[in-house]
Every structure is written in structure tokens, then in C-alpha cells.
Amino acid sequence: MAGLPPDIWQPVRLTVELAAMTTLILLIVGTPIAWWLARSKAWWKEGVAAVVALPLVLPPTVLGFYLLVLLGPDGPGGALAGLWGGRTLAFTFEGLVIGSVVYSMPFVVQPIRNAFDAIGDRPLEVAATLRASPLKAFWTVAVPLARPGFLSGAVLGFAHTVGEFGIVLMIGGNIPGTTKVLSVAIYDYVETSQWREANILAAGMAAFAFVVILTMMMLEKRTARIKG
Amino acid sequence: MKFIMPLKLALLGAAVACITSSQALADSANIAVAANFTEPAKEIAAAFKAKTGHEAVLSFGSSGQFFTQISQDAPFQVFLSADSARPKKLVEDGLAVKDSRFTYAVGKLVLWSKEPGLVKGEQTLKDGKFAKLSICNPVAAPYGAAAVEAMQTLRVYDELKPKFVEGANISQAFQFVQTGNAEIGFVALSQVINDKDGSRWMVPQNLYSPITQDAVLLKKGENDEAAKAFFEFLKGPESRAIIEKFGYEVPPAKAS
């Protein structure tokens, strides 16, 4: 299209990278948490579940504020950045990944936990009587049975990271190619009255959101049919 | 879906809040204030209330943000911009009262750091011994544009550009430096005028075009007592004293 700024697609690429990285990390980190939440008998496990779910309720500004301080030169993030000569994790892609992992965690952990919950004790007991080690039972019984949960978790985690705005605005610094993700780019275009560019990206986001929600609904339906 | 129900409740709550708040607005004016003017605007609003009893409800943001919102019928009655172009455009577009535009302050750009001794002058920019330099969005905020212009005049813009971090408005640009996430940044003098600990360099006026900050009475305030009173109060001696206290220049009042 004529007259479009050449860098209009850069935020799209960056957003996809951020969401993919975040989803990958969340699947790795979130699965053991979800498993523990589903299987543990500890009385305080719902407390942990509540902490994981906090970002559902907290305004992004609360997370943005804490992250800005924690990632900064006086916080642990600054110390971490010092390992490779940086001063702060704010304004970096890594900082955004950390923020997104926290922010999107409930959207990945919850569906996986529900899927593990739904399996119940029985299949794992059967696996144990067939002499499967707990680890083997986990990989060959629990994970395949919980596959719909992993799928919804991955889709929701990815989509929710794409939709992230407040935190990135607060800790990102609007750096093209590093922290200027889609939602921030749209905000920027609107603030500077570049409505055509804003329109293109916003319409794309709306279409993307529609596809995600439709996919989720169809996934749910299929899962229900398998179970029913 | 199960989140439909809370959504309905939220809408109902919002409707109730709107009804009750519009009653409370009877004696108040909504003022859109460019973020650099946050502190003086608060003092002026307090003095205004003490004198007239009217309430000035202040909103802070970048000039570009307010311009967009006002062109979309935002409920502001007075606009204190950080430039003169946007108020002028609003008058041309019929969104602000003709002939109401006047310059309430001329802003000063400062290079500032929280660390003592870090900012020594233009040499600090030329040496570039810092990781991050905070500015505000040069398209949406006049102070950002002034910062870019100053760096271009000093011929350090291209070298420093990779170190930029951008705040959505000057308050955020300031906050990035204040939290130490950026070592230095271009801010408004009014933001650091009471700061004794950090280091600063007053950017010489010959490096950037004057930041002429204009105010306009918006169409929505044309027939509003509180809005008109605030607009006049802004021109008065009490306001001038406050504005000058924060380091702005105030041009002599024009006979109109």
C-alpha cells in the first residue's frame, strides 16, 4: 500500500516473537505448577493458585509499577542485567518477556490445571499398577489426556500476551524493534493522529482476536464431545 | 459465557456513576493540561478554588493525546497545550473559541539526571557515556520535539538515537529518569526546579525553537461560567506568579 511507513510491520513481528517466547516459557514453567496444583494435597495450595491468578484481577498498572522498580538498576532485574553489562531490564525485550510471563501465567496454568484435574486418580493408578514410574505415567498418560488443556493454555497465553498493553507502556519505553509492540504502536499512531496506520493495525488485531475466540470455542466444543 | 453477567453489572455501575458525577460537575470545569505543566496547574487550580469557589478538574497527558481526544468530542472546556500549533488548529477546526488563544508560558528544556555530577553540559551528550536517554514522544509532545531539535543542532542525534527510550508524555520521560531506569533525560524545567540532588543542564535557548505554550477556551467551555473564570484566572497576576516560580517565562500580557 502506498504511503505507509515502512516500519508498520515491525511491531507485528515483534509482538509475535514476544508472544511465542512467552508461551513457550509458560508451557515449561506452568506445567509443573499446574500439575502440582492439580495433584497436591497441601492445605495451602489454593493460596498458591490465588497468587498465580492475581494478574486476572490486578490492573496492569500495579504490575507495571512493581516491574519498573524490580527490573530497574536498584532491583534484582538491574543485578541480572549487570551480568551482561546492562543497568536495567526495563526497556529490553527480556524485560517484556518477564512481564508477559507474569501477566499471562493464569491463562496458561488454569486450563492445564483443569485438564489435569479432569483426569482424576484412576488412570494414574492404573499406570502405576502397570509399573509405570510416576514420571513415565506423567508423560505417557497425563500429558496426552490433558492435551486439550495444553492447547487452550497455549492459545490463550499467546493471545493474552498479544493483547498486553499497560505493562509494556510502563516498562517498554516505546523502542522500535525492541519494545514497541502492536498495542503500543496503535496507541502511538492514535496519539499522533496517524489514523490510517492505527486503523490497519487495529483491524488486524480485531480479526486476530475473533479467530482466537472462535478457535477456543470450537476447541471447547470438541473437548466436550470427547468427554461426553 | 460466564463473564457476560459481570459485564452487565459493570455497565450498570458505570451508568449510575455517570449520572451522579454529572450532578457534581455543576460548578466545575474540565481542564486538559499538558503534562509538563502538572505542578503549576495544581497550584493554580488551588488558588482558583480559594478565590472563586469553582473547581478546576485537571487531566494530564501529552498535547497530542489531548488534541486527538478533543477532536473526538472529549468533555474538556479549557486546553493548556505545550505548543501553539495544536491550539491554533483547534481554533481553525471550530473546536475552540475564536481569538481566545494566548500564550500562558514559555517552557524551558533541561537535561537532567538523578545522579550528581553526571550531567555537565553539552559535552555529556557528545561523550554519550550512558546507556539510556529518556525523552518524550517527539510527535505527540512538544518537549520531545524540542529535545530532538536540540540534539540535531548539536549534531549528536544520530549517535544517540539508539539510546532513546520514549515516554508517552513528559511525566513518563521524567519518571524513567527518576526511577534510574534511564541515567539521563530531557525534561521540563518545572519538573526538576525543586530538585537539589541530581545534576542538570539548562539547554540553551539557541539550540531549540521556543516552547510556546498556548491555552484555548474550547467550544464546550464557551458558555460555562467556571471554565471562563478559570481561563481569565490563568491570565491574572496570581497565576503568572505561580507559573514564573516554576521556571517558565511568561510573555507580557497583550492588550486585546
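Key figures
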quantity: Among (1) part of a loop (DSSP other than H, G, I, E, B); (2) modelled with pLDDT under 95 - the single one residue B:190 does not satisfy; calculated: (1)
quantity: Count of residues meeting criterion [over 19 Å from residue B:170 (Cα atoms) and touching a residue at least 12 places away in the same chain (Cβ under 8 Å)] in the stretch B:74-98; calculated: 14
quantity: Residues being closer than 13 Å to residue A:13 by Cα and away from chain B (no Cβ under 12 Å) - total across the stretch A:149-184; calculated: 4
quantity: Matching helices (runs of 4 or more DSSP H) fully within the stretch A:131-205 where at least 1 residues are more than 30 Å from residue B:183 (Cα to Cα) and of a type outside the set (Lys, Arg); calculated: A:134-137, A:147-162
quantity: Given (1) within 30 Å of residue B:174 (Cα to Cα); (2) loosely packed, with under 13 Cβ neighbours inside 10 Å, index of the condition residue A:218 fails; calculated: (1)
quantity: Count of residues meeting criterion [within 13 Å of residue A:171 (Cα to Cα) and open to solvent by 50 Å² or more (accessible area, probe 1.4 Å)] in the stretch A:70-83; calculated: 1
quantity: Matching residues in the stretch B:51-73 - criterion: being touching a Ser or Thr at 6+ places or on another chain (Cβ under 6 Å) and either touching a residue at least 40 places away in the same chain (Cβ under 8 Å) or at the interface with chain A (Cβ under 9 Å from one of its Cβ atoms) (or both); calculated: B:55, B:60, B:63, B:64, B:68
quantity: Test result for residue A:60, open to solvent by 30 Å² or more (accessible area, probe 1.4 Å), closer than 23 Å to residue A:156 by Cα, touching a helix residue (DSSP H, G or I) at 6+ places or on another chain (Cβ under 6 Å) and not β-branched (Val, Ile, Thr); calculated: yes
quantity: Identity of the residue in the stretch B:128-184, within 17 Å of residue B:199 (Cβ to Cβ) and β-branched (Val, Ile, Thr), that ends up nearest to the other protein chains (Cβ to nearest Cβ); calculated: B:179
quantity: Selected residue [open to solvent by less than 20 Å² (accessible area, probe 1.4 Å), of a type outside the set (Ser, Thr, Tyr) and within 17 Å of the chain's Cα centre (by Cα)] from A:108, A:102, A:155; calculated: A:108
quantity: Subset tally (residues that are open to solvent by 40 Å² or more (accessible area, probe 1.4 Å) and in contact with a Pro (Cβ under 6 Å, 6 or more places away or on another chain)) for the stretch B:138-152; calculated: 1
quantity: All positions within the stretch A:89-117 that are away from chain B (no Cβ under 14 Å) and of a type in the set (Ser, Thr, Tyr); calculated: A:100, A:103, A:104
quantity: Where residue A:86 falls short, out of the listed (1) surrounded by 20 or more Cβ atoms within 10 Å (Cβ to Cβ); (2) within 14 Å of chain B (Cβ to nearest Cβ); (3) not aromatic (Phe, Trp, Tyr); calculated: (1)
quantity: Selection from the stretch A:192-228 of residues that are of a type in the set (S, T, N, Q) and either modelled with pLDDT under 90 or under 24 Å from the mean Cα position of the chain (by Cα) (or both); calculated: A:192, A:193, A:194, A:215, A:223
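The values are calculated or read from the model by the stated rules, or taken from the named source; none is laboratory data. On a predicted model such as this, the values are computed, not experimentally measured, just so you know. Cβ coordinates were reconstructed from backbone atoms using ideal geometry, including for glycine residues, and neighbour counts include every protein chain displayed. What goes into the accessible areas is simple: the full protein's heavy atoms, side chains included, and nothing from ligands, DNA or RNA. Shrake-Rupley method; radii C 1.70, N 1.55, O 1.52, S 1.80 Å.
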